[in-house]
Amino acid sequence: AIRAFVDSVNNPNFTIRGVSVETNGNTVFRDTNEQVITAATFFAQASGRLVEAEGSPSNGGILADEVECED
């Protein structure tokens, strides 16, 4: 897992600490209360937010199984 502030957003991907995080239809998105949210809701609020991404290595980055906004 990687946890840091989002550097940039290019839906369906984003970058944290210079690491590309890919998302897809299998990725679970969660808000700060750990409630499931839509990808559109996540990407609308992700820029500059503290986010934790969990997943597996992919193309030099991470293919996220789950991403969560942090407080």
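The values are calculated or read from the model by the stated rules, or taken from the named source; none is laboratory data. Everything numeric in this text was worked out from a predicted model, so none of it was measured. All Cβ positions, glycine included, derive from the backbone under ideal geometry; neighbour counts span all protein chains shown. Just the protein is used for accessible areas: all its heavy atoms, side chains included, with ligands, DNA and RNA removed. Shrake-Rupley method; radii C 1.70, N 1.55, O 1.52, S 1.80 Å.
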**Item:** Per residue accessible area of the chain, 1.4 Å probe, in Å²
**Value:** 57 Å²
**Prompt:** Counting Lys and Arg as +1 and Asp and Glu as -1, each charge on the Cβ, what is the dipole of region 1-53 about the Cα centre in debye, to the nearest 20?
**Reply:** 80 debye
**the chain, accessible surface, carbon-and-sulfur percent (1.4 angstrom probe)** = 42 percent
**Complete:** The orientation-averaged projected area of the Cα convex hull of the chain, in nm², is 3.9 nm²
